[in-house]
Structure formats: structure tokens, C-alpha cells
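Input: one structure, supplied below.
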Amino acid sequence: MKKYGLIGFPLKHSFSRQFFNNKFESEGIDAEYVNFEIPDIKEFKNIVADNKDLCGMNVTIPYKEQIIPYLDGLANAKEIEAVNVIKFDRSKGKLSLIGYNSDVMGFQDSIEPILKEHHTKALILGTGGASKAVFHGLKNLGVESKFVSRTKEKGDFTYDELTPEIMEEYTVIINTTPMGMYPNDNEAPRIPYKMLTNRHLLYDLLYNPNITRFMLYGKEQGATVKNGLEMLLLQAFHAWEIWNN
């Protein structure tokens, strides 16, 4: 039996294990998908050493950038500088761990159908690994992006700098932070929601809960909203292709 898995911390919110195990059962694939919830990325080496039957892994918060020094090479993740898929390559007689990013493709495929002509500029909330994938996905779609962070050192804007002029100009807002994720689903990124209009598109990479506070507050102002469940599914399809190519 082949084994696939997910590393991150925490993992209670993740649907990946359920998705892949359902896929394996329904398609008669002799494999299992397990969660490796580790509080420190240094434990990754032990996971690899103790699980000789691993064929591929997903990477989630907070390790999409921290995992890179533990890999033998990067494929399309090199430019993005964030990894969410690891291929266990044994084709040359020894194990090589190669990092990929399927978040870019999953996000891009998910948001493209709901972009309108006036959606030419975007604010990306957060500066972690997921934000980098979003930036490249938007770039591929011709959407200019700026990062929003709590500190000026990390982002182009801080949350306090989001003026009415900026909010009017940037009509796509992507939440790549864990703010609002179950069980802390009463939280939301600190943006001026009252400045939103029906010209705005709010996309939350979170999918648990189904409607986050970020989305709810946007919906109340007439904005179009979408969660990250479709992105999760699309990136999972791409991950499966990477593992089995």
C-alpha cells in the first residue's frame, strides 16, 4: 500500500485526508493518506525516516516556506519560494524530495471565472507562503497585486493605511491569513469593510467554516465572495498528477 500525507500545525481544520482517502476508496486505489501534525519543522526528517512507503506529501500552514531547506530540489516552486507538494522521487535509485506548488494552479483556476473587467488590482492580506502563490496566480491573470501586513517591513500597506482611495482602486481582496479559521471563526482580517461595494470581490483561502466572517462582512456590503474549497480540490487534483507523473 502506498502512503501519502500532510504536514502542518494545526491540522484539525484540514479536509485533505478525507478528500484523498475518499478518492482512494472510490477509485480502488491501494493507498492511504495520513496527517502528520508536527509543532516543529525539524520533525519532518523523522517522518521521512520512519515512513519508507511515503510517495508524496502536501504541506500547509505554517511550513510552506520552512520546508524548503529540507528538500533536494524545487520544480515550479523555485520562483514562488513556497512549497505545498512534495514528490518522493526514487527513479535514480535513491530518494530525492522535490518541491512543487499546486496552490498557484488551484487558485488561478478557481478565481478566473469570477473576475470581471474592473478587477485589475488586488490586495493580498498576509505575507506567508500561500500569499506568494496567490501573487503569482494573479500575475498570470494580469491582475496587479499589493501585500497588506501588520507591519510595513513585510507588506506594501499596513492595515491602518487602507484609505478610501486604496479600497476603491483595489477591488479584489484575497485573505491568505488564518484569521477566521475554525475554531477561531469569530475573527476576521482588520480591513475597513464599510468601504466595500458591489464592485469588490472577496476571496478567502479558508474553507472551514464555509462562510467566514471576512466573507460575511463583504457580503453585507454587496461584494462577491468565495471561499477556498474549490481551490483546495483543484490543487489536490494537480498534486495527484505531480505525484503520479
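Values quoted throughout were computed directly from the atomic coordinates according to the rules given, and no laboratory measurement underlies them. Model, not experiment: these values are computed from the prediction. Neighbour counts are summed over all protein chains in view; Cβ atoms, including those assigned to glycine, are modelled from backbone coordinates with ideal geometry.
When the expected Rg is taken as 2.2 N^0.38 Å, what fraction or multiple of it is the alpha-carbon Rg of region 41-182?
1.20
Ignoring everything except DSSP H segments at least 4 long, calculate the 222 nm mean residue ellipticity for the chain; use -39,500 (n - 2.57) per segment, divide by total residues, nearest 500.
Roughly -8500 deg cm²/dmol at 222 nm, from the helical runs in the chain.
Scan around GLY180 for amide H atoms under 5 Å from its own, H built in the peptide plane at 1.01 Å from N, and keep only partners 5 or more places away or cross-chain.
Close amide H contacts, sequence-distant or interchain: GLU187.
Still on this structure, please answer the following. Sorted from fewest to most neighbouring beta carbons within 10 Å, what does the list PHE19, PHE135, PHE36 look like?
In increasing order of surrounding Cβ atoms, one gets PHE19, PHE36, PHE135.
Also, quick follow-up: Give me the percent relative contact order of the chain, please, defined on Cα pairs under 8 angstrom at least 6 residues apart.
Taking the mean separation of contacting Cα pairs over the length of the chain, I get 15 percent.
Residues with amide H under 5 Å of SER102's amide H, sequence separation 5 or more or different chain, H placed in the peptide plane at 1.01 Å from N; which?
When sequence neighbours closer than 5 places are left aside, the close amide H contacts are ASN84, VAL85.
Running a GNM on the chain with Cα contacts under 10 Å, which residue among GLN221, GLN235, GLN108 ends up with the highest mean-square fluctuation?
Greatest mean-square fluctuation among the candidates belongs to GLN221.
Relative contact order for region 153-209 using alpha-carbon pairs under 8 Å, separation at least 6, rounded to a whole percent?
Result for region 153-209 is 43 percent.
What are the lysines whose alpha-carbon lies under 26 Å from the alpha-carbon of LYS219, with same-chain residues fewer than 8 places away excluded?
Result set, ordered by chain and number: LYS116, LYS121, LYS132, LYS139, LYS146, LYS194.
Among GLY8, GLN18, MET167, whose Cα sits farthest toward the positive end of the charge dipole of the chain (+1 at Cβ of Lys/Arg, -1 at Cβ of Asp/Glu, about the Cα centre)?
GLY8
Along the charge dipole of the chain, Cβ charges K/R +1 and D/E -1, which of ALA239, LEU205, TYR33 sits furthest on the positive end?
Checked the options; the winner is TYR33.
Still on this structure, please answer the following. Taking square-rooted eigenvalues a ≥ b ≥ c of the alpha carbon gyration tensor, is region 104-231 rounded, prolate or oblate, where a/c under 1.5 means rounded and, failing that, a/b exceeding b/c means prolate?
Rounded is the answer for region 104-231, as its axis ratio a/c remains below 1.5.
In addition: Name the shape class, rounded, prolate or oblate, that the alpha-carbon gyration tensor gives for region 11-58, where a ≥ b ≥ c are the square roots of its eigenvalues, rounded holds for a/c under 1.5, and otherwise prolate holds if a/b is larger than b/c and oblate otherwise.
Oblate is the answer for region 11-58, as a/c is 1.5 or above yet b/c matches or exceeds a/b.
Still on this structure, please answer the following. Pairs to check: LYS3/LYS45; LYS3/LYS42; LYS2/LYS78; LYS42/LYS78. Give those whose C-alpha atoms are more than 19 Å from each other in this structure.
Long pairs (Cα-Cα over 19 Å): LYS3/LYS42; LYS2/LYS78; LYS42/LYS78.
What dipole magnitude, in Debye to the nearest 20, does region 142-245 give about its Cα centre under +1 on Lys/Arg Cβ and -1 on Asp/Glu Cβ?
Roughly 180 debye for region 142-245.
Okay, next question. State the answer as a single residue: which of PHE107, PRO183, LEU216 lies farthest towards the positive end of the charge dipole of region 104-231, with beta carbon charges of +1 for Lys and Arg and -1 for Asp and Glu, about the Cα centre.
Of the listed residues, the answer is PRO183.
Work out how far the C-alpha atoms of the chain reach from end to end along every principal axis, then list the three figures in whole Å, largest first.
That works out to 58, 37, 32 Å along the principal axes.
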